[in-house]
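Data first, discussion second: the structure below is written as structure tokens.
The values are calculated or read from the model by the stated rules, or taken from the named source; none is laboratory data. Predicted, not measured: the structure shown is a model, and the values here were computed from it. Here Cβ is always computed from backbone atoms with ideal geometry, including for glycine, and neighbour counts include all displayed protein chains. When the accessible area is computed, the model is the full protein with side chains, heavy atoms only, and any ligands, DNA or RNA have been set aside. Shrake-Rupley method; radii C 1.70, N 1.55, O 1.52, S 1.80 Å.
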Amino acid sequence: MTSSLTLSSSSMPLLTKSLFFMECALKKAHIAYNKGEVPVGAVIVDINNNFKIISSSSNCKESSADPCGHAEILAIRNASSIIGDWRLTGMIIYVTLEPCLMCLAAIKEARLDGVFFAAYDSKGGALSLNYNLYKDKRLNHNFFVVGGIRSFESAKLLSDFFRAKRQNK
């Protein structure tokens, strides 16, 4: 799903922008929640084009029966299709949950400039599990990672989702 949403003030502090874009990712996570998917949302933003949202997605692993149906992967695929290039340089991704190893590798392969994520994932998050692909100098692309943006809202949504799933069994 695409959006032509752009923040008009390029002088707005990055933290303020990050809160805004994480809110957009949280909205995608709520969509996943309402569809019975693990509530994770992702938004890709072109930082060289006045912080325009290029792509957004939410998890659809269950409905698509696709183990690669993670919000990050789908947002990357969509952004690449939109711009006609697999290289997403000059873009950053906002995601509501710490990326898993597969998603972190896809972020590296897509050449994204950085990742902002909300909630940490001690059981499946690549960084929490000490897979630091983003700063491994042996690899041909490095990027920045910032965690904990709007983490409470994301963690609560995830907790509510899994609590409801357990109660429905």
Set 17/123; 123/156; 61/137; 27/156; 28/52; 35/135 screened for pairs whose C-alpha atoms are more than 25 Å apart: 17/123; 61/137; 35/135
Angle between the chain longest axis and helix 71-83 axis [Cα atoms, degrees, rounded to 10]: 30
Degrees separating the helix 151-167 axis from the principal Cα axis of the chain, which is the longest one: 30
Residue-averaged 222 nm ellipticity for the chain, from DSSP H runs of 4+ at -39500 (n - 2.57), nearest 500: -12000 deg cm²/dmol
Residue-normalised accessible area of the chain, given per residue in Å² at a 1.4 Å probe: 50
On Cα atoms only, tilt of 14-34 relative to the major axis of the chain in degrees: 40
Packing-based ranking, highest mean first, of 25-36, 147-158, 85-96 given that Cβ atoms within 10 Å are counted: 85-96, 25-36, 147-158
Extension gain, residue 89 back to residue 77 (0.36 nm per residue minus Cα-Cα distance, nm): 2.9 nm
Listed residues 91, 54, 125: farthest to the positive end of the dipole of the chain (Cβ charges): 125
Rounded Å value of the spacing that divides the Cα centres of the stretch 30-63 and the stretch 123-169: 14
Modelled FRET efficiency - R0 41 Å, residue 105 with residue 167, Cβ distances, 0.05 increments: 0.75
Virtual spin-label span in nm between residue 141 and residue 19, 7 Å along Cα→Cβ: 3.1
